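The values are calculated or read from the model by the stated rules, or taken from the named source; none is laboratory data. The structure presented is a predicted model; accordingly, all values stated were derived computationally and were not measured. Here the Cβ positions follow ideal geometry from the backbone for every residue, glycine too, while neighbour counts run over all protein chains shown.
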Amino acid sequence: MRTAQISRKTKETDINVFVDLDNGGVCEIDTGIGFFDHMLTALSMHSGISLKVSCKGDLNVDCHHSVEDTGIVIGQALAKALGDKRGIERYGTAFIPMDEALAMCSMDISGRPYLVFDAAFTEERIGEYDTCMTEEFFRALAFNAGITLHLKAVYGKNAHHITEALFKSFAHALKNAICLSGGELLSTKGVL
């Protein structure tokens, strides 16, 4: 079973994450940041991954530590659940429209973390969520999961739509990349 549970506690956050890559349908998200909860729910639903996230963070400061640290822990959980990555498709790409916005995600679950992020947001905040944290979340996730990740907002005007399109494009690309296609490791090196 490709599952993992990871906990991380610091002076700024206390986070518990559970992922099940093969049995989607369970989604329990509570970070204390409404819009971020909405994005993680979309990530779970569109990737087909069961995701449980509990985060108690220093929201009296701002949302930075909660969002970034949640990315760290989700990334660690994905890496653990994927194990040696044997049999996965490895690559995934998706374009997702959200009203006037269009986003693209392309990834390689390579073990070589990297992030290329190209998105401009028209508003600084969506509720209690700082839009600049979108890049920080995906950087933390990619580097802790060992994913080469390219995310681009092709165009858009509404920050909510742009952000949601980015999260959903990530989810659909991830769904393709983690799909089991056989027992082989998709690498000429013999290791990912």
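Values for this structure:
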read-out: Number of the exception - T122 against (1) touching a residue at least 40 places away in the same chain (Cβ under 8 Å); (2) of a type in the set (V, I, T); (3) crowded, with 19+ Cβ neighbours inside 10 Å; value: (3)
read-out: Residues located in the stretch 55-87, provided they are touching a Leu at 6+ places or on another chain (Cβ under 6 Å) and on the phi < 0 side of the Ramachandran plot; value: G71, I74, G75, A81, R86
read-out: Criterion (touching a strand residue (DSSP E or B) at 6+ places or on another chain (Cβ under 7 Å), surrounded by fewer than 22 Cβ atoms within 10 Å (Cβ to Cβ), closer than 23 Å to T70 by Cβ and of a type in the set (A, V, I, L, M)) met by exactly one of L180, L115; value: L115
read-out: Residue match in the stretch 143-159 (condition: of a type in the set (D, E, K, R), in a strand (DSSP E or B) and touching a residue at least 24 places away in the same chain (Cβ under 8 Å)); value: yes
read-out: Subset tally (residues that are in contact with a Leu (Cβ under 9 Å, 6 or more places away or on another chain) and aromatic (F, W, Y)) for the stretch 1-36; value: 1
read-out: One residue from K85, K80 being over 25 Å from E128 (Cβ atoms), of a type outside the set (G, A, S) and in a helix (DSSP H, G or I); value: K80
read-out: Among the residues listed as S7, S50, S66, S54, the single one being within 18 Å of T134 (Cβ to Cβ), at pLDDT 95 or above and among the hydroxyl-bearing types (S, T, Y); value: S66
read-out: Single residue of I72, I162 found to be touching a Gly at 6+ places or on another chain (Cβ under 6 Å), β-branched (V, I, T) and not in a loop (DSSP other than H, G, I, E, B); value: I162
read-out: The stretch 157-172 - residue that is among the small types (G, A, S) and in contact with a strand residue (DSSP E or B) (Cβ under 6 Å, 6 or more places away or on another chain) and, of those, surrounded by the fewest Cβ atoms within 10 Å (Cβ to Cβ); value: A159
read-out: Only listed residue being touching a Gly at 6+ places or on another chain (Cβ under 8 Å) and surrounded by fewer than 19 Cβ atoms within 10 Å (Cβ to Cβ), chosen from E135, E128; value: E128
read-out: Flag if T13 is more than 19 Å from A177 (Cα to Cα), in contact with a Ser or Thr (Cβ under 8 Å, 6 or more places away or on another chain), in contact (Cβ under 8 Å) with a residue 60 or more places away in the chain and not aliphatic (A, V, I, L, M); value: no
read-out: Flag for G75 being crowded, with 18+ Cβ neighbours inside 10 Å and in contact (Cβ under 8 Å) with a residue 24 or more places away in the chain; value: yes
